[in-house]
Amino acid sequence: MVPIDITTTSDSRLSAWHVRRALRWLSPNDLAGLGFIRLMDEEPDDPEAQKEPAYLRGFLYNGRYLRKGKDHPAHIALYTSDLYLGMPRFLKLTPTQTLRFAFTLAHELGHHLIATRGYIYKPNEKYKPWRSGTFDPHEEKMADTYAEDVVKKMCKSWYYKSGKLLARIISRILFEVGVGEHWNGNYESAARWNFNAFMINPENLDAGQSYRHDMEKFLDGQQPATFLNQRQPEQSHHCGHTH
Ligand SMILES: [Zn+2]
């Protein structure tokens, strides 16, 4: 089993438990060469981003893959404050939450496969040569596909299937609260609820659209610079792979 290095200040045992459960679904061959998985509260290289709530940022920092360096082996960092975002406290022990950890862990493992053997599924896959700070949308898409395959495999069991169902229910409830806030004219609050709803279930496209709409309403008359590019909310992995 890949060692787990815990540096989080809250929910550390719980997070390690989710990671251990997720690891069972990853192929030992694919995990070869991965030195450890580090649990951190927040992405350390963007302190500015942590000052504003995630719904103003428009994306989550869920994890990052770090290539082997002079002084460290290849490893994955997972950022727990964003991984739990929007999840009601009493539901943090559910399979829904394990699926969130599993998706991000598998996505980052996809980057590890590309970094170490050059491909995820077939040797003829092509990626941009890696340089510090580069971002390859094709690589992101392939890492997502790999993560989706892992989650699909997990969801063949009733336990994780129920986690997926629960994600839909929680997301729907948060979305309904967001809709209520929208009709009351509380656009900032509506944006926050809808953002969380979309992050818990990215298939809830109504929540994603409402989030964007509410942000536009909220920022109308505010300083729009805080919401860069009016972008779509991004599930997941602003993973930067910069190391
Ligand atoms: Zn990525």
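Quick note: the coordinates plus some simple rules give every number you see, no bench work behind them. No experiment lies behind these values; they were computed from the predicted model shown. Methodologically, a virtual Cβ is constructed for each residue, glycine included, from the backbone with ideal geometry; neighbour enumeration extends over all protein chains shown.
Would you work out the relative contact order for the chain, in percent, from Cα pairs under 8 angstrom that are 6 or more residues apart?
Over the chain, the number comes to 23 percent.
So how far apart, in nm, are the two label points at E176 and H138 if each is 7 Å from Cα heading toward Cβ?
Here the answer is 4.5 nm between the modelled labels.
Is it possible to state the helix-based mean residue ellipticity at 222 nm for the chain, with each DSSP H run of 4+ residues giving -39500 (n - 2.57), the sum divided by total residues, to the nearest 500 deg cm²/dmol? What is it?
-16000 deg cm²/dmol
Of the listed pairs K51/K217; K128/K156; K68/K152; K141/K217; K122/K156; K126/K164, which have alpha-carbon separations greater than 27 Å here?
Those over the limit are K128/K156; K68/K152; K141/K217; K126/K164.
With the dipole of the chain worked out from charges on the C-beta (+1 for Lys and Arg, -1 for Asp and Glu) around the Cα centre, which of Q222, Y159, T104 lies farthest toward the positive end?
Sorting the options by dipole projection puts first Y159.
Mind running the shape call on the stretch 1-75? Use the C-alpha gyration tensor, a ≥ b ≥ c as the square roots of the eigenvalues: rounded below 1.5 for a/c, prolate if a/b tops b/c, oblate otherwise.
It comes out prolate by the Cα gyration axes.
Modelled label-to-label distance, K126 and Q222, 7 Å Cα→beta-carbon offset: nm?
Simple spin-label model gives 4.3 nm for this pair.
Can you tell me the length gained on complete extension of the stretch D46 to M1, counting 0.36 nm per residue apart and subtracting the Cα distance?
Extra length from D46 to M1 when fully extended: 13.2 nm.
About the Cα centre of the stretch 139-225, how large is the charge dipole given +1 on each Lys and Arg Cβ and -1 on each Asp and Glu Cβ? Please answer in debye to the nearest 20.
Here the stretch 139-225 has a charge dipole of around 540 debye.
What is the gain in length, in nm to one decimal, between R13 and T116 on full extension, counting 0.36 nm per residue of separation less the C-alpha to C-alpha distance?
Result: 34.1 nm gained on full extension.
Can you pull the Kirkwood radius for the chain, inverse mean 1/r over Cα pairs, to one decimal in Å?
18.5 Å
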